[in-house]
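Scroll down for the structure; my scribbles are underneath it.
Any read-out appearing in this document is the output of simple, stated calculations on the displayed coordinates, not a laboratory observation. On a predicted model such as this, the values are computed, not experimentally measured, just so you know. For neighbour counting, all protein chains shown are included, and Cβ atoms are generated from backbone atoms with ideal geometry for every residue, glycine included.
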Amino acid sequence: MKRLWAVLACVFITGLAVAQEGTKVSVAAYMSDAKYAAYEKVAQARAEELLNDSKYVVLDEAKARQLKKGWVDLADPGHVITAEEFVKRAGKYDIEKIVRVGVSVSVKPVLGLFYTATATAEFRLVDKSAKVQTFTLNEMGTRGVPPSDGLTEGAAISNAIQRAIDGAAQRAGLTVVSPALPKGVPLVLEAVASAPPETELAPASAEVAEAPWVSAVKLNKEMWRGEDKACVAVSPDGQVGAVGGYTWAVDRLGGLSRTYGGRVHLVDTAAAQEFNLHTVHPVGKRESGEDGTSAPIACGFIGNWRYLVVATGNVLSCYDVERGAETCRLKLAGAPKQAQLSVGRVGNGAYVALQTDKAKTYYRVVVAK
């Protein structure tokens, strides 16, 4: 029965799009915050593009702008349009529907290096009989639905708006030929002689080894393959935890010799559920020049839960938790066996310090070139 309903739902949605082919519409886009009014044209253009792709006939730009200017009540998202009002305001434009697109955005700078933005969009379709259909998208910025990053505020906002409109349009049954993808800004570490004197470097690896979420990590425990806990950290906002594992395997055909590796488990602390895994070193022979341990001897987060830094006895790596991608890998000298990561900020600068049993080194957080 569930499968039947799913099939019927697909038929209905497809039929909705097909049934609207040739329907004449006009788009009116609004930003909820007046300071972002300049981005209305981004929302307008994207909505019109998707309607065109779905075989609607979209009112030309000049007439659409004229209609919007004369229909001031459309700016109010709570305004209820009547059939009489529709005819009075839109009758001369020979359209069958008005598509009101409402967009809200939120944007903030991150570590003084880039901007990150989220957006919500509402598609409200009103026809001549005042029948209303509303479709929204507002999950952006939650784990699994990343925000939009950009080196400029405008780039981040524009990408977020396009993605929000794509999502709302898909729920409305429109065709989205080329969905806008979330843009990301990869962070890397750049070695520096020292951090500024006024930097207060606070330990990134908190004493959280006994936190309830740590037990959610299932370390590999087999006869010939295993994993030992090596480091534990939690993000500054408390949303994500990291548990490093020192992995090993026994070669039963090669004289019972062992090979080693290292990885970090990422955990949703609220749900106590593992959701991502960063392999720092696969189980196997070390490469030339790797004289230290493959275990993650220190791990910590930069800024928030989205960026992880991990140190082994050979490398220091950066990992974008949100997008599941390693963004930097720097060689470490001296084959350290123990380490502690610290992070700190001075104005718009973000720094990482790595204190090992051999030395203390400093790195500045920068955007990858």
**Asked** In deg cm²/dmol and to the nearest 500, what is the mean residue ellipticity at 222 nm of the chain if only DSSP H runs of at least 4 residues count, each as -39500 (n - 2.57), divided by the residue total?
**Response** -6000 deg cm²/dmol
**Item:** Given 13 as the ceiling on other Cβ atoms within 10 Å, longest exposed-site-free region of the chain for GluC sites (Glu not before Pro) in DSSP loops
**Value:** 22-138
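So what's the net charge close to residue 240: Lys and Arg +1, Asp and Glu -1, counting the other residues with Cβ under 13 Å from its Cβ?
Numbers: positive: 143, 306; negative: 237, 268, 274, 320, 322.
Net of charged neighbours comes to -3.
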**Message:** Quick query: amide H of residue 297 versus all other amide H atoms, modeled in the peptide plane; which residues come in under 5 Å with a sequence gap of 5 or more or a different chain?
**Reply:** 311, 312, 313
**the range 191-341 - percent relative contact order, Cα under 8 Å, separation 6 or more** = 19
**Prompt:** the range 67-157: which trypsin sites (Lys or Arg not before Pro) are DSSP loop and have at most 11 other beta-carbon atoms within 10 angstrom?
**Reply:** 131
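Mean separation of Cα pairs under 8 Å and 6+ residues apart, divided by the residue count of the range 298-369: what relative contact order is that in percent? Can you show the working numbers first?
Details: 132 pairs, mean separation 14.8, N = 72.
Contact order relative to length: 21 percent.
When a footprinting reagent is the concern and you count Cβ atoms within 10 Å, what order do 65, 163 take, fewest first? Before the final figure, lay out the partial values.
Values: 65 14, 163 26.
Ascending Cβ contact count within 10 Å gives the list 65, 163.
Shape of the range 276-364 from its Cα gyration tensor (a ≥ b ≥ c, root eigenvalues): rounded if a/c is under 1.5, otherwise prolate when a/b > b/c, or oblate?
Details: a/c = 2.25, a/b = 1.25, b/c = 1.80.
Cα axes put the range 276-364 in the oblate bin.
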**Request:** Evaluate Rg over Rh across the range 82-153, taking Cα atoms for both radii and Kirkwood's formula for Rh.
**Result:** 1.22
**Request:** With θ set to phi - 60°, apply the Karplus curve 6.51 cos²θ - 1.76 cosθ + 1.60 along the range 289-294 and write out the HN-Hα couplings as whole Hz, x wherever there is a Gly or Pro.
**Result:** x, 8, 9, x, 5, 8
**Request:** Would you mind checking the tilt of helix 2-19 against the longest principal axis of the Cα atoms of the chain, expressed as 0 to 90 degrees and rounded to 10?
**Result:** 50
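Test of the criteria: in the range 189-259, which trypsin sites (Lys or Arg not before Pro) are in a DSSP loop and have at most 12 other Cβ atoms within 10 angstrom of their Cβ? Don't skip to the end; give the middle numbers.
Details: sites: 218, 221, 225, 229, 252, 258; in loops: 218, 252.
Qualifying residues, ordered by number: 218, 252.
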**Asked** What are the residues whose amide H is under 5 Å from the amide H of residue 322, where those residues sit 5 or more places off or on another chain and H is modelled from the backbone?
**Response** none
**Item:** Cα centroid separation - the range 101-116 against the range 169-245, whole Å
**Value:** 21
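Provide the net charge surrounding residue 249, with neighbours chosen by a C-beta distance below 14 Å and charges set as Lys +1, Arg +1, Asp -1, Glu -1. Walk me through the numbers on the way to the answer.
Numbers: positive: 221, 225, 252, 258, 263, 285, 286; negative: 222, 227, 228, 251.
Net charge in that neighbourhood comes out at +3.
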**Message:** Please compute the modelled spin-label separation between residue 94 and residue 38, points set 7 Å along Cα→Cβ, answer in nm with one decimal.
**Reply:** 3.8
**Message:** Compute, for the range 203-276, the length of the dipole vector about the Cα centre, with Cβ point charges of +1 (Lys, Arg) and -1 (Asp, Glu) only. Units Debye, rounded to 20.
**Reply:** 380
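Using Cβ contacts closer than 10 Å as the measure, can you line up 231, 328 from fewest to most?
Details: 231 25, 328 20.
Ordered by Cβ neighbours within 10 Å, fewest first: 328, 231.
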**Fill in**
Using the Kirkwood radius over Cα pairs of the range 165-241, the Stokes-Einstein translational diffusion coefficient at 10 °C and 1.306 mPa s, in µm²/s and rounded to a whole number, is 87
**Surrounding net charge for residue 81, when Lys and Arg each add one and Asp and Glu each subtract one, Cβ distance under 12 Å** = +2
**Request:** Compute the FRET efficiency between residue 369 and residue 239 as 1/(1 + (r/R0)^6), taking r as their Cβ-Cβ distance and R0 = 22 Å, and round to the nearest 0.05.
**Result:** 0.15
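May I ask you to derive the relative contact order of the range 65-218, considering only C-alpha pairs under 8 Å and at least 6 residues apart, and to give it as an integer percent? Intermediate results must be reported in sequence, preceding the final value.
On the way: 207 pairs, mean separation 26.4, N = 154.
Relative contact order of the range 65-218: 17 percent.
Relative to the Cα centre, what is the charge dipole magnitude of the range 312-359, using +1 at the beta carbon of each Lys and Arg, -1 at the beta carbon of each Asp and Glu, and rounding to the nearest 20 debye? Walk me through the numbers on the way to the answer.
Details: 6 positive and 4 negative charges, 33 e Å.
Approximately 160 debye in magnitude.
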**Message:** I need the phi-derived Karplus couplings for the range 40-48: 6.51 cos²θ - 1.76 cosθ + 1.60, θ = phi - 60°, integer Hz, Gly and Pro marked x.
**Reply:** 4, 5, 5, 5, 4, 5, 5, 5, 5
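Please state the shape class of the range 199-272: rounded when a/c is under 1.5, otherwise prolate if a/b exceeds b/c and oblate if not, all from the C-alpha gyration tensor. All intermediate terms of the calculation are to be shown ahead of the outcome.
Numbers: a/c = 3.90, a/b = 2.06, b/c = 1.90.
Verdict is prolate for the range 199-272.
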**Item:** Debye, to nearest 20: dipole size of the range 135-246, +1 on Lys, Arg Cβ, -1 on Asp, Glu Cβ
**Value:** 580
**Prompt:** Any idea which of 260, 244, 175 is furthest toward the positive side of the dipole for the range 154-269, if Lys and Arg beta-carbons carry +1 and Asp and Glu beta-carbons -1?
**Reply:** 175
**Message:** Taking the number of other C-beta atoms within 10 Å as the exposure measure, put 174, 67 in order starting with the fewest.
**Reply:** 67, 174
**Asked** Using θ = phi - 60° and the Karplus curve 6.51 cos²θ - 1.76 cosθ + 1.60, what whole-Hz ³J(HN,Hα) does each residue of the range 140-150 get, with Gly and Pro shown as x?
**Response** 4, x, 8, 4, x, 10, x, x, 9, 9, x
**Request:** Go from 0 up to the bin containing the longest alpha carbon distance in the chain, width 10 Å each, and give me the % of pairs per bin.
**Result:** 5, 20, 23, 18, 15, 12, 6, 2, 0
**Request:** Pull out a ≥ b ≥ c, the square roots of the eigenvalues of the alpha-carbon gyration tensor of the range 34-88, then state rounded if a/c is under 1.5, prolate if not and a/b is larger than b/c, and oblate in the remaining case.
**Result:** oblate
**Fill in**
Spelling it out for residue 23: with amide H atoms placed in the peptide plane at 1.01 Å from N, the residues 5 or more places away or on another chain with amide H under 5 Å from its amide H are 57
